[in-house]
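The values are calculated or read from the model by the stated rules, or taken from the named source; none is laboratory data. Because the structure is a prediction, the values reported are computed rather than measured. Here Cβ is always computed from backbone atoms with ideal geometry, including for glycine, and neighbour counts include all displayed protein chains.
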């Protein structure tokens, strides 16, 4: 049966035997009648947009059975109440319903573990993010990375994260410097892993800021594995890698039909401070671009290995420092003077080896 709507003038007899009344008329005469009536009868009255005369307020309610959260602005602004309700909804983890069912079962059996429950609640309500911060220019962050940085409780960062990126971290966010500069590690990787876990156990959302992309010649995979083994909800956020975008910032294409039809990205620095030179034979083909990360301090060894393999020492090379940042610099030379170029280059830097570097001469001609 459908509802029946009756349009008529208000009379007190319309509310006889009614205990909850909502006045949405906006008519002061009707409100005055209802207020007088309320003083003589046991009723609850809500006058829309007049909170000072209300006996009750409507809540913005979110229901995740059995968890329910009600938000009220005491009539001041339903819009604000709805906004806060939606924010509360975002904070509720997906597995909260299952967790509450487990707690209810324990309570039914007389088991109440306050401290353990609080610890688990903090953990399942928190999340870790491994955030790729790209080259260092905030405008090159992904929207996802930007939003996470703006909304987490704790940020872990090292010397590779630019001041420009750190400047967008809100002042109320806890910032923890973990070092990781070559030869000057403030924290070991194991200590960083434990630090992320410790902050999560406190109920904080944590962003571990990673230069470039978390999974390209970084230790993001180790951090993800550690957190997964600890049953910590973790999201990996991709970032622009300097291996691809670093040359771009210097107007060097890593592939182009006239100069290169393939590229390889390598690191010169391996676990245990070992050097990686297995890739050097690739330089025999000048039309194959090689991008070297973490190679500045190994430039002399790279050059000597190339000589030993009879590689053309006139092969063009470029060293790009602080790509995308205000202090970006580009040094152009050949394999023969790579070591000399590296001595005056600033870190962080990438090395580009191959004929594509000659593309810069084409640009200069035009």
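What the table shows:
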| quantity | calculated |
| --- | --- |
| Selection within the range 213-225 - farther than 16 Å from residue 148 by Cα and either in contact with a strand residue (DSSP E or B) (Cβ under 7 Å, 6 or more places away or on another chain) or in a loop (DSSP other than H, G, I, E, B) (or both) | 215, 216, 217, 218, 219, 220, 223, 224 |
| Test: residue in the range 347-354 that is part of a loop (DSSP other than H, G, I, E, B) and modelled with pLDDT of 95 or more | yes |
| Candidate set: the range 172-187, residues that are modelled with pLDDT of 90 or more and part of a loop (DSSP other than H, G, I, E, B); chosen: the one surrounded by the fewest Cβ atoms within 10 Å (Cβ to Cβ) | 172 |
| Unique residue being farther than 25 Å from residue 244 by Cβ, surrounded by 12 or more Cβ atoms within 10 Å (Cβ to Cβ), without any contact (Cβ under 8 Å) to a residue 40 or more places away in the chain and assigned by TED's automatic domain parsing to the domain that holds residue 203 when the list is 106, 150, 82 | 150 |
| Yes/no for residue 314 being within 18 Å of residue 135 (Cβ to Cβ) and at pLDDT 95 or above | no |
| Qualifying positions in the range 251-269 - in a loop (DSSP other than H, G, I, E, B), at negative phi and surrounded by fewer than 20 Cβ atoms within 10 Å (Cβ to Cβ) | 253, 255, 257, 258, 261 |
| Residue match in the range 53-72 (condition: closer than 27 Å to residue 154 by Cα, assigned to a helix (DSSP H, G or I) and touching a helix residue (DSSP H, G or I) at 6+ places or on another chain (Cβ under 8 Å)) | no |
| Count of the range 119-154 residues which are under 22 Å from residue 348 (Cα atoms), within 11 Å of the chain's Cα centre (by Cα) and not in a helix (DSSP H, G or I) | 6 |
| Selection status of residue 64, surrounded by 10 or more Cβ atoms within 10 Å (Cβ to Cβ) and closer than 30 Å to residue 203 by Cα | yes |
| Residues of the range 276-327 satisfying the condition of being within 32 Å of the chain's Cα centre (by Cα), more than 13 Å from residue 345 (Cβ to Cβ) and loosely packed, with under 14 Cβ neighbours inside 10 Å | 326 |
| Qualifying residue in the range 226-236 (condition: over 30 Å from residue 121 (Cβ atoms) and in contact with a strand residue (DSSP E or B) (Cβ under 9 Å, 6 or more places away or on another chain)) | no |
| Selected residue (only one of 218, 212, 295, 286 is within 30 Å of residue 123 (Cα to Cα) and touching a helix residue (DSSP H, G or I) at 6+ places or on another chain (Cβ under 8 Å)) | 212 |
| Those residues of the range 155-170 which are outside any helix (DSSP H, G or I) and touching a residue at least 40 places away in the same chain (Cβ under 8 Å), in sequence order | 155, 156, 157, 158, 160, 161, 162 |
| Number of the condition not met by residue 256 [criteria: (1) farther than 20 Å from residue 346 by Cα; (2) at pLDDT 95 or above; (3) over 15 Å from the mean Cα position of the chain (by Cα)] | (2) |
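The rows are residues; the columns are (1) assigned to a strand (DSSP E or B); (2) in contact with a helix residue (DSSP H, G or I) (Cβ under 9 Å, 6 or more places away or on another chain); (3) more than 30 Å from residue 219 (Cβ to Cβ).
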{"position": "272", "(1), (2), (3)": "no, no, no"}
{"position": "291", "(1), (2), (3)": "yes, yes, no"}
{"position": "300", "(1), (2), (3)": "no, yes, no"}
{"position": "310", "(1), (2), (3)": "no, yes, yes"}
{"position": "320", "(1), (2), (3)": "yes, yes, no"}
{"position": "343", "(1), (2), (3)": "no, yes, no"}
{"position": "363", "(1), (2), (3)": "no, no, yes"}
